[in-house]
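Okay, structure first, notes after.
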Amino acid sequence: MSLVLTGIGVTSGIAIGQVHRLTPGELSLPEYHLDADAVDAELERIRRALDRSQRFLGKLLERMVDSGDTARELLESHRLILRDPLLVDATCDRIRSEKINAEWALVKQTEQLVAEFKRIDNDYIALRREDLEQAVNLVQRELADQPSTLIGAQVPHQLGRTIVVAPELGPADMAVLNQRRVAGLVTEHGGPLSHSAILARSLEIPMIVGLHHALDVLEEGEAVILDGHYGALLAAHDESLLRHYEDKREVSLRRRADLRRYLGRPSRTLDGTNFRLFGNAELPEEFQRCRDAGVAGIGLMRTEYLFMGDQVPDEETQYRAYRAAVEVMDGRPLTVRTLDAGGDKLPPALAVTQGPNPALGLRGLRLSLAVSDLFRQQLRAILRASVFGPIQILLPMITSIEEVRQARHLIESCRQSLIGEDLAIDPNLPVGGMIETPAAALTVEQLARELDFLSIGTNDLSQYVLAIDRQDELVSYLYDPTHRSILGLIAGIVASGRDQKLPVTVCGELAGDERAARLLLGLGVTDFSMPPASLPAVKKSLIEADAGRCRKLVEAFLREDGDEQSGQSLLEALNRPAE
Ligand code: PEP
Ligand code: MG
């Protein structure tokens, strides 16, 4: 290979080893018509293939005791897909009515389902499409007599010094590779949000995805270095390069172990300012991870994922999800954000509400107030769960005080009706608001009088203040949450919260960025909410920060009399060790 190949790094680790090419043979998927008397045998054939696929997944699950919840959940979801009538019954119907063979019927039915998914441009749905295709691939392999157990036979038993290169990898493949302690992974296709990427992050395996034509240029046994941080695969010809990376790998392994140690330390800066770290979580295993990391509570439970199925979840389903989450948190507060559908996250069941400009349309709290039956259902579910632990309600996408009043009115009316049903709901359950639109940020003093806490959504605040669609790659170079305009607004929000004695949390991506932690600290933020994986590095950065120095630097920047001219150079200065 040439000296370096680049793709997208999905985990920041380093792996050093020899290439093992995993090239599953082309699947033979013939298409032919059946005679009427061959239909029953064909139905039997696909049933057997489905059974064998289920057994294969079942065996993998049994062996995966130490592979983490994410991997297990993915395999469980594949098992469910292979039982789903939309796939199984509909494929059998095609064999019967169209008199075509099993492979052909399965391909046709899968294509139909994928076409339905494709109409919805959404990351969550893209993952479900990937799940469907991977589950179907297991059945196709069985039908073609090239069963999935082959991957086990295709890779050596000990992969500690091996970097596996494949066109793409499914969760079942990942499970086998993880068991054999693979050093690193490279796939030709897939993005950073693909399931194999999510799994690699969760299993902490260094991985690069989207490295096109990797199999054309890499030879079996070739010595390579995988740098997940830069998404680079380097030829390991050079002794000094190899030594450099071996040292780097050692440092990175030590750093990871080192960072975890900070989780047990008091949340206090060098100069004695106390801060609190909260978690952002939506999937069950994320709540567990947040709790294990010792968070002060959940600062943001996004509820959109509950609505991502074909049907809107009923009150009971939602109640069970909120109750499970608050029970895991074991007495620490859970902040449930009401449905923030719209914009980039529109559940299929609510797709009818899509307007000409979704980011500025009927989304967030506006949508909930417009379909108040749905909103009531969610509020009732949250209130019922609040009997099992401390819960607070967070309202997304506020732009006016009237919206807050309407929402509070509905919350009170749901509370009264539940009391009428003999449920003891906390009368003081806090209701907070996301400050993530320019209107909310500029009228925060007035809003704060009607709210019990504030939560700054820097993702949307940046999008709306900078007039930059957060989804649009073409303008992503301008998406800068450290822009002076945004920092000024955050300072104002924090000041309003302080004046009115309300807690203020930052729950956008900025809060989970270890470099930005000191910037927020300098703006007066002391409550940070972030995904569990970011907790150790942010905590270290804050523990080692001098809050007084951070405040001085940030205030000078906002007054325009400091040395730093841009948010980015301010970041540099804040993270430079003090002389
Ligand atoms: C935000 O906008 O910063 C936020 C936390 O919410 P979301 O990313 O879900 O829009
Ligand atoms: Mg938002």
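The values are calculated or read from the model by the stated rules, or taken from the named source; none is laboratory data. Please read all numbers here as calculations on a predicted model, not as lab measurements. Reconstructed Cβ throughout: ideal geometry from the backbone, glycine too, with neighbour counts over all protein chains shown.
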| request: Look at Glu188 and say whether it is among the charged types (D, E, K, R), modelled with pLDDT of 90 or more, more than 21 Å from the chain's Cα centre (by Cα) and within 25 Å of Leu60 (Cβ to Cβ). | output: yes
| field | Neighbours by Cβ (under 6 Å, 6+ apart or cross-chain): first from the stretch 259-286, under 10 Å from Ile543 (Cβ atoms); second small (Gly, Ala, Ser) and surrounded by 14 or more Cβ atoms within 10 Å (Cβ to Cβ) | value | Thr269/Ala545; Thr269/Ala547; Phe275/Ser267
| request: Name the residue, out of Ala537, Ala517, Ala511, that is within 16 Å of ligand 1 (Cβ to nearest atom), under 20 Å from the mean Cα position of the chain (by Cα) and hydrophobic (A, V, I, L, M, F, W, C). | output: Ala511
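I'm checking my understanding of the structure. Among residues of the stretch 382-398 that are in a strand (DSSP E or B) and β-branched (Val, Ile, Thr), which one is farthest from ligand 1 (Cβ to nearest atom)?
Going through the stretch 382-398, the residues in a strand (DSSP E or B) turn out to be 391-395.
The next check asks that each one be β-branched (Val, Ile, Thr); those that pass are 391, 393.
On the way: Ile391: 18, Ile393: 15 Å.
Among those that are in a strand (DSSP E or B) and β-branched (Val, Ile, Thr), it is Ile391.
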| request: Could you figure out which of (1) under 16 Å from Glu315 (Cβ atoms); (2) surrounded by fewer than 18 Cβ atoms within 10 Å (Cβ to Cβ); (3) not polar (S, T, N, Q) isn't true of Pro427? | output: (1)
| task | Report, by residue number, each residue of the stretch 442-468 that is of a type in the set (Ser, Thr, Tyr) and within 16 Å of ligand 2 (Cβ to nearest atom). | result | Ser455, Thr458, Ser462, Tyr464
| message | Looking only at the stretch 518-552, how many residues end up being part of a loop (DSSP other than H, G, I, E, B) and in contact with an Asp or Glu (Cβ under 7 Å, 6 or more places away or on another chain)? | response | 1
| What are the residue pairs meeting all of these: first residue in the stretch 454-471, first residue farther than 24 Å from Asp499 by Cβ and part of a helix (DSSP H, G or I), second residue of a type in the set (Phe, Trp, Tyr) and away from ligand 2 (no atom under 13 Å from the Cβ), Cβ atoms under 8 Å, and 6 or more apart or on different chains? | Ser462/Tyr479; Gln463/Tyr479; Leu466/Tyr479
| said: Against the definition (modelled with pLDDT of 90 or more, among the small types (Gly, Ala, Ser) and at negative phi), how does Ala214 come out, yes or no? | reply: yes
| Qualifying residues in the stretch 409-441 (those that are within 30 Å of the chain's Cα centre (by Cα) and part of a helix (DSSP H, G or I)) - the one nearest to ligand 2 (Cβ to nearest atom) | Ala440
| Can you name the number of the only condition in (1) more than 16 Å from ligand 2 (Cβ to nearest atom); (2) farther than 26 Å from Asp513 by Cβ; (3) surrounded by 15 or more Cβ atoms within 10 Å (Cβ to Cβ) that Leu487 fails? | (2)
| note | Selection from the stretch 490-511 of residues assigned to a helix (DSSP H, G or I), surrounded by fewer than 17 Cβ atoms within 10 Å (Cβ to Cβ) and without any contact (Cβ under 8 Å) to a residue 40 or more places away in the chain yields Ala495, Arg498
| How many of the residues in the stretch 563-576 are within 12 Å of Leu487 (Cβ to Cβ), small (Gly, Ala, Ser) and surrounded by fewer than 18 Cβ atoms within 10 Å (Cβ to Cβ)? | 1
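Within the stretch 513-526, identify whether any single residue is small (Gly, Ala, Ser), within 16 Å of ligand 2 (Cβ to nearest atom) and buried (at least 24 other Cβ atoms within 10 Å of the Cβ), and answer yes or no.
Taking the stretch 513-526 as the starting set, the residues that turn out to be small (Gly, Ala, Ser) are 516-517, 522, 524.
Cutting the leftovers down to within 16 Å of ligand 2 (Cβ to nearest atom) gives us none.
Among the residues of the stretch 513-526, not one is small (Gly, Ala, Ser), within 16 Å of ligand 2 (Cβ to nearest atom) and buried (at least 24 other Cβ atoms within 10 Å of the Cβ), which makes the answer no.
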| request: Hey, could you check the stretch 439-479 for residues that are acidic (Asp, Glu) and touching a helix residue (DSSP H, G or I) at 6+ places or on another chain (Cβ under 6 Å) and say which is surrounded by the most Cβ atoms within 10 Å (Cβ to Cβ)? | output: Glu450
